[in-house]
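Shown next, in structure tokens, is the structure this report addresses.
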Amino acid sequence: MPKILVAGITEKHVSAIPDVLRMAGYDVLESADSKTAFQFVLEEAPALIVAKSNLPQLDGLGFLHIIRKHPQFALTPLIFLVETEGWDEVRRMMTAGADDFLFSTCTDAELLYVVESRLKRAALVRDFLKQTTPVHEAGSPSQERQVMEELLSGRNMHRYGKSQTIYSEGQSPKFLYYIKNGKVRLLKSSTDGKDLVTDLCGEGDFIGHTALIQNTHYRESAESIDGAELILVPRAEFQQLLRGNINFSYKINIILANALTSKNSHLVGIAYHSLRQKVAEALLLVKRKYAPIQQDGFAIQMNREVLANIAGTAKESFIRTLSEFKSEQLIEVGGDGHIRIVNEKKLQLLAE
């Protein structure tokens, strides 16, 4: 039977969880804190992890971030045990990349159902990757270019203006989107109407593919920043190519893995870093994403509200911190409002 790691389960009302899993036939490892839990992950490579959201030494989001930084554990299901009615906590965990959750008052049947369903889903994903990923190396760059040309050639270009919605959270996906030109942000909106930017995308990026692969509704919205040109590939054609072309499937798998790692790191930073760290990270993220390679003098040309959403802070706080960075000669702000990073090394140290 699969090996399961149970971390931080010490309270009397939930201490039976390891025993229930053992009676169901699973090989159970137990850890009282996050440090020991991570050692078990590295040494034993469990098939699934059940962990308290408020682990000793490191809370759930930090633990999730560390686990997902290791590519070999990108598909390991992680189920968090949260306090009853902790819906805000649940939302944060799921947004950051947790696979499922259980309340501390869950029944034995609920525990076993969630564990079994997540193990089955992970097995299906691994089987799919085995079928679509070549035994040896993936196709050569020329083969990948050929696949991309076949996918995108002859299709109409759709143009989006400034701050125009491309698709919305909750909608059913109909297309795979390829960004030919321009900048796009992916965002989630809270109940009070505030936006949180979960990713930045630009020329050469695909968007909307996760919902197509999972056959679910969009879990976030996509919006152009200053305008963008996108190529739309119908859902049926994308799925047919995904099933029938090994090179394309491999490329999409790599895109998904990289996006997951980047998104988790960004969201953990928003949740835990100081205001100055968040602003520094946001500026560096925009530069990394949109600055042409080996081009000096790149200027960030985004309005302050968009940048504040990327940093996960209020617009007023973002502007105040920009003023501090300017005084410290970390950035320059031109008369047109464009931001230039003049001391990237120091800004990186600040963001760490």
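Here, each number is a calculation from the coordinates, and none is a lab measurement. Only a predicted model underlies this, so the values are computations on that prediction, with no experimental measurement involved. Neighbour counts are summed over all protein chains in view; Cβ atoms, including those assigned to glycine, are modelled from backbone coordinates with ideal geometry.
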Using θ = phi - 60° and the Karplus relation 6.51 cos²θ - 1.76 cosθ + 1.60, list the HN-Hα couplings for segment 56-68 in order, rounded to whole Hz, with x at every Gly or Pro. x, 6, 7, 7, x, 5, x, 4, 4, 4, 5, 4, 6
Across segment 50-55, in residue order, what do the Karplus-derived ³J(HN,Hα) couplings come to in whole Hz, using 6.51 cos²θ - 1.76 cosθ + 1.60 with θ = phi - 60° and x for Gly and Pro? 10, 9, 5, 6, 10, 4
Can you work out ³J(HN,Hα) from phi for every residue in segment 203-209, in order, using Karplus 6.51 cos²θ - 1.76 cosθ + 1.60 and θ = phi - 60°, giving whole Hz and x for Gly and Pro? 3, x, 8, 9, 9, x, 6
Amide H contacts of Glu220 (H built 1.01 Å from N, under 5 Å, at least 5 apart or other chain): Gly170
Out of residues 5 or more away from His273 or on other chains, whose amide H comes under 5 Å of its own, with H placed 1.01 Å from N in the peptide plane? none
Chain lengthening between Glu324 and Lys345 when straightened (0.36 nm per residue, less Cα-Cα): 5.9 nm
Cβ-derived FRET efficiency at R0 30 Å, Thr165 paired with Ala236, nearest 0.05: 0.80
Check which residues have an amide H placed less than 5 Å from Leu102's amide H, if you skip close sequence neighbours. Phe80, Leu81, Val82
